[in-house]
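Reviewing the structure listed below.
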Amino acid sequence: MDYAGDIDVTETWDRLGREPDAVLIDVRTVPEWNFVGLPDLSGIGKETICSEWQSFPSMDRNADFEAAVNQAGVAKDAAIFLLCRSGVRSRNAAILLTELGYQNCYNVAGGFEGDKDDGGHRGNVGGWKYAGLPWRQG
């Protein structure tokens with residue numbers, strides 16, 4: 001496998017609380033952080049690391065992604081949970097970080113907003129917000 005695997009949002013939250021070195025990296029875009037919200041880890045004494053995987057509006061791959069992870073001081077053997085809107089960008093980020101030598105990179109399945117419901121809306125089927133996990137407006 002190209003990364004440690006997919007993990008659901010509830011297990012992610014539990015592990016972030018139990019594992020001192022575990023980190024959450026939100027790879028969504030700045031507009032998503034500002035207008036949709038961010039996971040709030042303050043209740044467990046942590047902060048979400050924010051580093052775009054793709055930059056808005058061009059959605060080009062962010063060439064500074066790896067540098068931002070390095071600057072955040074993430075240990076190569078820490079559990080790294082990568083989160084995006086629904087789990088696609090974060091999977092790609094997990095694959096890349098694994099290739100760079102990070103040993104425990106997980107894609108947070110369902111992401112922050114989850115999959116679209118039958119009406120085409122997010123936030124009603126799976127994801128961080130739907131699970132009732134702590135979050136704040138950006």
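Each reported figure results from applying straightforward, stated rules to the coordinates on display, with no laboratory input. Treat the numbers as computed from the prediction; the structure is a model and nothing was measured. Quick reminder, even Gly has a Cβ in these numbers, built from the backbone with ideal geometry, and neighbours come from all protein chains shown.
The table that follows gives values for the structure above.
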{"item": "Candidate lysines for bridging to Lys116, where Cα separation is under 19 Å - those fewer than 8 sequence places away on the same chain excluded", "result": "Lys129"}
{"item": "Val125 long-range amide H proximity, modeled H, under 5 Å", "result": "Asp115"}
{"item": "Lys, Arg +1 and Asp, Glu -1 on Cβ, resulting dipole of the chain about Cα centre, debye, nearest 20", "result": "200 debye"}
{"item": "222 nm mean residue ellipticity, helices alone, for the chain (DSSP H n ≥ 4; -39,500 (n - 2.57); rounded to 500)", "result": "-7000 deg cm²/dmol"}
{"item": "Radius 14 Å from Cβ of Ala68, net charge of other residues (Lys, Arg +1; Asp, Glu -1)", "result": "-3"}
{"item": "Stretch gain in nm, segment His121-Trp135, where the contour uses 0.36 nm per residue and the Cα spacing is subtracted", "result": "3.1 nm"}
{"item": "Average projection area in nm² (convex hull over Cα atoms of the stretch 4-64, one quarter of hull surface)", "result": "5.1 nm²"}
